[in-house]
């Protein structure tokens, strides 16, 4: 049975990127024991996946906005699951 990877807590892109930078600096120092290095590598991989996912969501959101701008500029909020937003035409806060 394959062991499930631990989930990262919901972090903002900025917080995840900052933690990733700290991990990389610590790993590049060459002062960690191998077990810590591997644990940091695994956590860094999860943080990188989280950052990539958030960037992809923002990219899709911008694409939706650009498409809507071409047809009158109406803002439709992006929903990752494809559900229709409850309020259309308003900028998200």
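The values are calculated or read from the model by the stated rules, or taken from the named source; none is laboratory data. Remember, predicted model here, so these are calculated numbers, not experimental data. A quick note on method: Cβ atoms are made from the backbone with ideal geometry, for glycine too, and the neighbour counts reach across all protein chains shown.
Annotations for the structure displayed:
- Residue in region 73-86 that is modelled with pLDDT of 95 or more and under 15 Å from the mean Cα position of the chain (by Cα) present: no
- Of all residue pairs spaced 6 or more apart or on separate chains, those with beta-carbon atoms under 8 Å, a first member in region 53-66 that is under 19 Å from residue 11 (Cα atoms) and a second member that is loosely packed, with under 13 Cβ neighbours inside 10 Å and modelled with pLDDT under 90 are 57/80.
- Qualifying residue in region 48-70 (condition: surrounded by fewer than 10 Cβ atoms within 10 Å (Cβ to Cβ) and at pLDDT below 95): yes
- Residue 36 surrounded by 12 or more Cβ atoms within 10 Å (Cβ to Cβ), over 17 Å from the mean Cα position of the chain (by Cα), farther than 22 Å from residue 13 by Cα and at pLDDT 65 or above: yes
- Some residue of region 9-16 being surrounded by 11 or more Cβ atoms within 10 Å (Cβ to Cβ) and modelled with pLDDT under 80: no
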